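A short write-up of the structure that comes next.
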2 protein chains.
Amino acid sequence: MVFIPEIEKQQSEEQNTFQLRKLKEVIAYIKANSAFYAGHLNAFEAQIENIRSLSDLQSLPVTTKEDLQQHNWDFLCIPKKDIREIMSTSGTLGSPVFIALSSNDLERLAYNEMLSFHCMEVDENDVFQLMLTLDRQFMAGIAYYSGLSEIGAAVIRSGPGLPALQWETMKALDVTGLVAVPSFITKMLDFAEEQHIPFRDFKAKKILAIGESLRDDNLEPNALAQRIKSKWNIELYSTYASTEMQTAFTECNAGKGGHHHPELIIVEILDENGNQVQKGEAGEITITTLGVEAMPLLRYRTGDIAKAYYEPCSCGRNTMRLGPVLGRKQQMIKFKGTTIYPPQLFDVLNNLEAIKDYAVTLSADETGQDKLILYVYTEMQDSDCNQLIKPVFQHKWRVVPHIIYCSAAEIQALHFADNSRKPQRFRDLRN
Amino acid sequence: MVFIPEIEKQQSEEQNTFQLRKLKEVIAYIKANSAFYAGHLNAFEAQIENIRSLSDLQSLPVTTKEDLQQHNWDFLCIPKKDIREIMSTSGTLGSPVFIALSSNDLERLAYNEMLSFHCMEVDENDVFQLMLTLDRQFMAGIAYYSGLSEIGAAVIRSGPGLPALQWETMKALDVTGLVAVPSFITKMLDFAEEQHIPFRDFKAKKILAIGESLRDDNLEPNALAQRIKSKWNIELYSTYASTEMQTAFTECNAGKGGHHHPELIIVEILDENGNQVQKGEAGEITITTLGVEAMPLLRYRTGDIAKAYYEPCSCGRNTMRLGPVLGRKQQMIKFKGTTIYPPQLFDVLNNLEAIKDYAVTLSADETGQDKLILYVYTEMQDSDCNQLIKPVFQHKWRVVPHIIYCSAAEIQALHFADNSRKPQRFRDLRN
């Protein structure tokens, strides 16, 4: 039975009223308990008094990634002995941040992912294989694990990598669902075809796809999603989450963006000047956590650029959805007046079947201009591949990237440079 | 506050009475619910009727690793939809076995490790770093994780490997305790000395040492334990556990063997003919699980050879303790009439400071005799190292091993051959 919390079925006005009440509780709580927010909100007494609606949030200061990095433990609102777990951000941009969680925070995570799996119509009959790590203080791994426990599904902690072992386990244990990085699924499919593994006869029916977008700007399947679907008739559910916000937004069957759970988080979408955008415009996802005890955040700027969708969803949830992350604000690439985000590059490259794997770096050339290098693994002749890639870039962005051809292993090494927990296709070396 | 269950403070007669009652429940349960045991116990109605004491267990048939491998799912006693997690054995010997767990089984695991951490006097003020994987369906990882949650300590899932990152995390988060493989601790200490990391100023006070014994036959610290203690003033607690038995035996401060928890498991020590040994003699640990719902085991022969200790323990627990695993029955090495188990070899090699790392393989020579090869990484001259190793072997076992000198990386590759989750210092290639 699919569970939808009452609040998610209510009208947006009722959701807003609920969130406004929770917001006031959060503000009082962090002022009283967080050394950082006591100072950060010190000069904002009047504005706090005057909050009458969620849009009044704009009168309060934002919290940045740098705030968290520089004052990490000043965010803590509970005694140290009440910390049940310390997780960390992946440090994709800058140094990692530690996120401490209380027992209730861990339950909140489990509740959140339980809702994600309900969005996917997972139930106690499902057998889920987790193809991501639960090590390295990674929040996602344990969040999915505990969410599936709440659902009552069977869990298999298989971890990342090792396509042969993953297929064997899926077969041996009649696995019905996966949690996986979609580009790893494309690798598994290549492997299965090479090895003649009859994966289409297996029982897997759905994938919770993490870490990479599966939809384009119009919520249609992007090249990566198409590449998977062209080989395998399996349902793909995209999700958006981050360690700092301790919250995930996961798609339902309608596939119209990741569902907002209003009992867990307040979302604002901000423009470059820090103002809330008009409904439907892209902007920076900025969040205020609800129900977080150890390290709550007020107006935290995630750096992720996306659009919000407000039309009623066919699934029965009346909640806003977040579209794919169009890019990270800090990873914006400026080319002769054109703005590109890495996911747009990935989509073009994923679309070219001949490109088996790739990585992208961005650096500054002698004149201070952005310089893009593509590292490409292909079985084609280099010159043929050049003729494939260059016209597309020329046409779309009027630039020709520098291309370096590599082995599969070299690309892998680039993905996991700096011992990152997740493959990093893009690295920004500008400073 | 250290928690000791009432049953563990009672006299052994009372513990036996309790276990006898539980045993009868288990037998009735597995006969009714496990396809394997329905057949396995079919001809033993009279013996079951006549069970009057724990020693009457001897009238029932044992369960072997091969039974589990060949009839894996016939052991299942619950509907598939009630399975919450599927773990697997590491497959150190033969093909891996899947162990399914119900929700109650997961709670039983957490309870067991909570008792382990109480043996170590861990409490909610502790911060524990888990230097083992929670991936690859590994039971130990999630068992320690959930046990620490029960205690209320803070957990850091750092995962295996990466000494630099481990030390950084320990320092940054004021870690007070570790769960780690002891030979990895020796590597971390070598690294810390090379890099001048002031680890003695860190807050870590205790290590739950998994996967390798720390004591010799007389319960005194073995070479591995001495090597760690000579460099670092830290408490070491040894533990014995396996996936199949879903139970761990962990030392208290007295360090006199791993404590038996009579509410969780019945232990027999069997001789080569399958008879219970005299108290204090070494034999094969043979277990019957109590309170396991999904895949309970009756008289399961673990293959591990150890001694049981029954004298009252100074910690206040009145329970039997298991000494170090002297060896695995299947890994017994016969040399000109002498019997050697791999841990004895390890102890000799750990004792030689000049040997930085090693692996051991056992194969059969042309005449069918056991042939032992040592792979050694040292910074010494090969000939000097030969002169160090050979006399010790000659003296102890009247044999001279074949020695092959390798790089550190080559030894590592041997440890993780077959993608094993744990480093394997010993490989048996006899058939």
Practice prompt. Mind counting the residues in region B:233-267 that are farther than 19 Å from residue B:347 by Cβ, part of a strand (DSSP E or B) and either not aliphatic (A, V, I, L, M) or not assigned by TED's automatic domain parsing to the domain that holds residue B:85 (or both)?
Written response: 6
Response to the item:
Per the filter on region A:23-38, residues in a helix (DSSP H, G or I), crowded, with 18+ Cβ neighbours inside 10 Å and in contact (Cβ under 8 Å) with a residue 60 or more places away in the chain are A:23, A:26, A:27, A:30, A:37
Discussion item. Condition first: open to solvent by less than 10 Å² (accessible area, probe 1.4 Å) and either of a type in the set (Val, Ile, Thr) or more than 7 Å from chain A (Cβ to nearest Cβ) (or both). Now tell me which residues in region B:153-168 satisfy that.
Written reply: B:153, B:155, B:156, B:166, B:167
Worksheet item: Can you name the number of the only condition in (1) in contact with a strand residue (DSSP E or B) (Cβ under 7 Å, 6 or more places away or on another chain); (2) crowded, with 16+ Cβ neighbours inside 10 Å; (3) farther than 26 Å from residue B:124 by Cβ that residue B:173 fails?
Response: (3)
Worksheet item: What do you reckon, is residue B:180 at pLDDT below 95, within 24 Å of residue B:358 (Cα to Cα) and within 14 Å of chain A (Cβ to nearest Cβ)?
Response: no
Discussion item. Among (1) over 19 Å from residue B:53 (Cβ atoms); (2) within 17 Å of the chain's Cα centre (by Cα); (3) open to solvent by less than 10 Å² (accessible area, probe 1.4 Å), there is one condition residue B:282 misses while meeting the rest; what is its number?
Written reply: (3)
Practice prompt. Give me the pairs, please: first residue somewhere in region A:168-194 and under 30 Å from residue A:348 (Cα atoms), second residue anywhere and assigned to a helix (DSSP H, G or I) and basic (Lys, Arg), beta-carbon distance under 7 Å, and either six or more positions apart or on two chains.
Written response: A:186/A:227; A:189/A:231
Worksheet item: Of A:392, A:399, which residue is touching a helix residue (DSSP H, G or I) at 6+ places or on another chain (Cβ under 8 Å) and either in the same structural domain as residue A:211 (by TED's automatic domain parsing) or within 23 Å of residue A:330 (Cβ to Cβ) (or both)?
Response: A:399
Practice prompt. Check region B:101-111 and report whether any residue there is on the phi < 0 side of the Ramachandran plot, in a loop (DSSP other than H, G, I, E, B) and touching a residue at least 24 places away in the same chain (Cβ under 8 Å).
Written response: yes
Item to complete: Give the number of residues within region B:105-117 that are within 14 Å of chain A (Cβ to nearest Cβ) and open to solvent by 20 Å² or more (accessible area, probe 1.4 Å).
Response: 3
Fill in: Set A:348, A:360, A:399: member being in contact (Cβ under 8 Å) with a residue 40 or more places away in the chain, part of a loop (DSSP other than H, G, I, E, B) and open to solvent by less than 30 Å² (accessible area, probe 1.4 Å)
A:399
Discussion item. Given the criteria of a type in the set (Phe, Trp, Tyr), open to solvent by 30 Å² or more (accessible area, probe 1.4 Å) and closer than 30 Å to residue A:253 by Cβ, does residue A:3 qualify?
Written reply: yes
Response to the item:
Scanning region B:39-90 residue by residue, those part of a helix (DSSP H, G or I), away from every other protein chain (no Cβ under 14 Å), within 30 Å of residue B:133 (Cβ to Cβ) and open to solvent by less than 50 Å² (accessible area, probe 1.4 Å) turn out to be B:65, B:67, B:68, B:75
Worksheet, complete the sentence: Going through region B:402-430 in order, the residues found to be exposed (fewer than 14 other Cβ atoms within 10 Å of the Cβ) and part of a helix (DSSP H, G or I) are B:408, B:409, B:413, B:417, B:418, B:419
Worksheet item: So is residue B:415 closer than 16 Å to residue B:187 by Cβ and under 29 Å from the mean Cα position of the chain (by Cα) or not?
Response: yes
Practice prompt. Pull up region A:374-384, narrow it to residues that are outside any loop (DSSP other than H, G, I, E, B) and under 18 Å from residue A:409 (Cβ atoms), then point me to the one that is most open to solvent (accessible area, probe 1.4 Å).
Written response: A:382
Worksheet entry | Scan of region B:1-20 for residues that are assigned to a helix (DSSP H, G or I), under 16 Å from residue B:261 (Cβ atoms) and not β-branched (Val, Ile, Thr), ordered by number | B:6, B:8, B:9, B:12, B:14, B:15, B:16, B:18, B:19
Worksheet item: Tell me, which residue of region B:215-232 that is without any contact (Cβ under 8 Å) to a residue 40 or more places away in the chain and in a loop (DSSP other than H, G, I, E, B) is farthest from residue B:415 (Cα to Cα)?
Response: B:218
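Between B:403, B:389, B:373, B:411, which is within 20 Å of residue B:181 (Cβ to Cβ) and at pLDDT 85 or above?
B:411
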Worksheet entry | All positions within region A:118-147 that are within 14 Å of chain B (Cβ to nearest Cβ), part of a helix (DSSP H, G or I) and touching a residue at least 60 places away in the same chain (Cβ under 8 Å) | A:139, A:140, A:143, A:144
Worksheet item: Within region A:91-104, which residues are open to solvent by 30 Å² or more (accessible area, probe 1.4 Å) and more than 9 Å from every other protein chain (Cβ to nearest Cβ)?
Response: A:92, A:93, A:94, A:95, A:96, A:104
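What residue, of B:150, B:193, B:212, is assigned to a loop (DSSP other than H, G, I, E, B), of a type in the set (Asp, Glu) and more than 10 Å from chain A (Cβ to nearest Cβ)?
After ruling out the rest, the residue left standing is B:212.
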Worksheet entry | Which listed residue, of A:203, A:231, A:256, is modelled with pLDDT of 95 or more, within 14 Å of chain B (Cβ to nearest Cβ) and open to solvent by 10 Å² or more (accessible area, probe 1.4 Å) | A:203
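The values are calculated or read from the model by the stated rules, or taken from the named source; none is laboratory data. Since we're looking at a predicted model, the values are computed, not measured. Reconstructed Cβ throughout: ideal geometry from the backbone, glycine too, with neighbour counts over all protein chains shown. To get the accessible areas, we keep the full protein, side chains included, count just its heavy atoms, and leave off ligands, DNA and RNA. Shrake-Rupley method; radii C 1.70, N 1.55, O 1.52, S 1.80 Å.
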